[in-house]
1. Among the residues of region 241-253, which ones are surrounded by fewer than 24 Cβ atoms within 10 Å (Cβ to Cβ) and either touching a Gly at 6+ places or on another chain (Cβ under 9 Å) or part of a helix (DSSP H, G or I) (or both)?
2. Checking Asp127 against (1) part of a helix (DSSP H, G or I); (2) touching a Leu at 6+ places or on another chain (Cβ under 7 Å), which single condition isn't satisfied?
3. Quick check on my filter: what residues within region 142-181 are over 19 Å from Gly63 (Cβ atoms), small (Gly, Ala, Ser) and buried (at least 24 other Cβ atoms within 10 Å of the Cβ)?
4. When you scan region 134-152, how many residues do you find that are in contact with a helix residue (DSSP H, G or I) (Cβ under 8 Å, 6 or more places away or on another chain) and farther than 16 Å from Ala105 by Cβ?
5. For region 130-141, name all the residues that are assigned to a helix (DSSP H, G or I) and either more than 17 Å from the chain's Cα centre (by Cα) or surrounded by fewer than 18 Cβ atoms within 10 Å (Cβ to Cβ) (or both).
6. Just for region 75-94: of the residues that are more than 13 Å from the chain's Cα centre (by Cα) and of a type outside the set (Ser, Thr, Tyr), which one is surrounded by the most Cβ atoms within 10 Å (Cβ to Cβ)?
Amino acid sequence: MSWQARALTGLMRGTLKPASILLMRHPLALAGAAQLGEITRLVQVPQPPNVAIESAEFSACEGEWVRGGRGLDERKVVLYFHGGGYFSCSPRTHRSITWRMSVTAGRPVLALDYRQCPVHTLADSLDDALDAYECLLRRGYAPEDVIVAGDSAGGHLTLATLLALRDRGLPLPGAAICLSPWADLTDFPRRANRWQDPMLPASRVRWLARRWTSGLDPRDPLVSPVLGDFTGLPPLMIVTGSTEVLRDEARRVAERARQDGVPVRYEEWRRMPHAFPILADVMPEARLAFRHMKQFLGAVAERAATTRNSAAA
């Protein structure tokens with residue numbers, strides 16, 4: 001680990017994790033956290049001078065186009081879903097990921113401001129994601145030129161979106177990237193890494209899952225994607241930290257997808273915290289992760305070109 005990573009994980013262990021244990025015990029605390037998320041929309045986060053941000057509107061929600069410089073391929077796009085446990089954060093809070101994702105993929109990123117709990121439901125979030133994807137297709141983007149990506153709850157939304165698109169017979173994107181995905185919302189105790197995780201308390205993750213799945217079947221693959229059939233899905237990259245409480249469900253997604261014939265690149269980064277690429281401004285490991293994503297997308301493009309050439313022959 002870099003000294004920056006050691007310092008940040010130590011800070012998280014002493015601040016974020018205790019705060020989560022104290023706050024995520026009552027619905028009022030979630031409402032307060034959601035309001036904090038609203039405040040972040042008013043804060044101007046410094047960006048590199050070559051990064052362009054442009055507001056975007058959809059039928060049920062908003063978002064923003066993020067362009068990490070010039071010379072991007074405007075015929076292609078990344079559809080990004082931010083994390084935040086389905087109750088906090090926004091595209092603004094995740095710009096350190098989205099502008100780098102734009103550079104990495106060589107295309108604009110559409111960061112979706114999807115509806116969140118507790119005011120809305122998981123189904124509303126999924127509807128927003130599907131609506132945004134279909135809107136991109138209506139605007140002329142070819143499915144194979146769309147990459148779907150997300151972190152944490154956004155990783156959950158990424159997987160649910162892929163499964164829903166496949167089940168509805170809609171054309172699938174070219175690839176997907178999940179950073180520390182929250183993939184299992186069934187009511188089970190997370191024992192792995194419950195003490196090692198510097199950020200997320202396992203008991204609070206379980207409590208949150210119970211709240212968001214109230215009245216739902218938590219074993220529905222659109223609620224717990226780790227239980228889904230991944231047959232036919234596009235190439236998938238999963239990035240997680242070795243000491244996360246969500247690590248095992250990320251592993252299970254990778255294993256299940258491989259069993260179902262999906263090309264998977266799974267990376268487990270030693271002692272990295274939850275959704276660590278968001279810390280790329282200060283952590284060298286996080287910046288390196290984007291280089292690995294670029295390698296994955298390059299391999300996907302090469303694979304697609306080989307398939308097209310074989311079909312033409």
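1. Hits for region 241-253 are Arg247, Asp248, Arg251, Arg252.
2. (2)
3. Ala175, Ser180
4. Total satisfying the criteria: 1.
5. If the condition is that a residue be assigned to a helix (DSSP H, G or I) and either more than 17 Å from the chain's Cα centre (by Cα) or surrounded by fewer than 18 Cβ atoms within 10 Å (Cβ to Cβ) (or both), then Leu130, Asp131, Glu134, Cys135, Leu136, Leu137, Arg138 are the ones that fit.
6. For region 75-94, the residue satisfying everything is Val77.
Quick note: the coordinates plus some simple rules give every number you see, no bench work behind them. In this text, all values refer to a predicted model and were calculated from it rather than measured experimentally. No Cβ is skipped: glycine too gets one built from the backbone with ideal geometry, and neighbour counts run over all protein chains shown.
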